[in-house]
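Let me begin by presenting the structure, written as structure tokens, before commenting on it.
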Amino acid sequence: MRVPDPPSDSMPVPDIEYDTYSAEALPVRIEYALPVIEEICALAVEGLYRFRHGGMEVGGVLFGATGPDQVTIAASRPLACEHAFGPRFVLSDRDRAAMKELLELPQTDPALVGLAPVGWYHSHTRSEIALSPRDLEIYDRYFPHPGQVALVLRPESYGSARAGFFARGRNGAVSGEAYCEEFVIRPGRAGVAPREPEPDAAEPVPEKPAAEPAPVPPRAATAEHFLDTESEPLPSFARAEPVRSRRSIWLVAALVLALAGGAGVQAYYRYIAPQQSLVLWVVDVGGQLLIEWDRTAKPIREAESARLEILDGKERRDIPMDGERLREGSVNYVRQSEIVDVRLRVNPRGARPVQEFMRFVGQPVRRAAPPAEGEVIRERDALKAELENLRTESKRKNARARRVKPPAPRPKP
């Protein structure tokens, strides 16, 4: 497939607010239209809410123009990914065909006249801002030209997103590691309403007039009013008993505080404290299992060694990995059964091991059906008949050789 070349001449900039992005690791300066980036952010946040567990990743193509050391992003078009392999942005055959149509869209879309594909964007809802091996494959296949960039977004639940740009270096290679120069997209025109301004502290807030004291209601009837005095006495929790001493109050209060403090610490470490996650993910792609993890996660970056355990039916495989192999971020595996258990154990430097487990359940593996019994019998009979013909032909040749007499020797002179 031929990818259109981005135009090298300057593009007239319409009356739209633009912003710039530059980083020391990037060889180009990126200028982008704010409405375009805000619309992409809104799509990424919408995808975050489309799937209950972790969100749905989205992606599309960026259109604009390139210069010697600058890339201008003026428009974008989303790719309607069918997510055949799960919620991540992994392209199926139909998605690849749709990507090809998007790249050729400036030839038919009047709004994109004079523009060309200058890169692509996609969101990460389970990993940080980086390019995975699967992302690099899309980058190299559809955006191979110098100056074509990649925009990675990490949407947040409150409407904004962290983002970062990636570009090819002088040698044409792309680094998939995360850049430190992240920026935050806070869409003000993309359907997210800004917060209302707080009242100025300098201006005194008028006090409400004090309300007249409400009349004291009559005393409510207690349980004794509804019980016969000659009936059974009230239980202890319904009777008001005098407090015996001030010391018992302090003991009870201390006990309650201790219990509340212990429950609070437990709740903090269980629900509030940040958990070290590997973002393990398994999906079937083209008959093979793609096992991925977040290579930018802290335990992965600080890992000295790791072990990938795969339980495939009754077959077990242990794949040891060093830190460099672990930071590649993925492993391909040909499964043999419909249920595969995957466990990744990581050993960070100076920290406790971190592990994650995931079970893949898919369709049964299709194997070549064994030949039917009748077909085996026919093949056996055919081989027997062929062997019998060879034996008969050999016997005929031997008999013909015995019937032919050799010529008589000539007398010597």
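The values are calculated or read from the model by the stated rules, or taken from the named source; none is laboratory data. Worth saying up front: this structure is predicted, and the values here are computed from it rather than measured. FYI the Cβ positions are ideal-geometry reconstructions off the backbone, even for glycines, and counts take in every protein chain you see.
Number of residues in segment 7-38 that are of a type in the set (Gly, Ala, Ser) and either surrounded by 12 or more Cβ atoms within 10 Å (Cβ to Cβ) or modelled with pLDDT of 70 or more (or both) equals 4.
In segment 100-123, the residues that are of a type in the set (Phe, Trp, Tyr) never reach a residue that is exposed (fewer than 13 other Cβ atoms within 10 Å of the Cβ) with C-beta atoms less than 7 angstrom apart, at least six apart or across chains. Assessment of segment 68-78 against the conditions (acidic (Asp, Glu), surrounded by fewer than 21 Cβ atoms within 10 Å (Cβ to Cβ) and touching a helix residue (DSSP H, G or I) at 6+ places or on another chain (Cβ under 8 Å)) yields no matching residue. As a summary of the residue check, Glu304 satisfies the conditions (1) surrounded by fewer than 17 Cβ atoms within 10 Å (Cβ to Cβ); (2) modelled with pLDDT under 90; (3) out of contact with any Lys or Arg (no Cβ under 7 Å at 6 or more places or on another chain) except for the one numbered (3). Here Glu82 meets each of (1) within 16 Å of Tyr142 (Cβ to Cβ); (2) in contact with a Ser or Thr (Cβ under 9 Å, 6 or more places away or on another chain); (3) of a type in the set (D, E, K, R) with one exception, condition (1). Taking the criterion of being at pLDDT below 80, part of a loop (DSSP other than H, G, I, E, B) and of a type outside the set (Gly, Ala, Ser), the residues of segment 280-301 that qualify are Arg295, Thr296.
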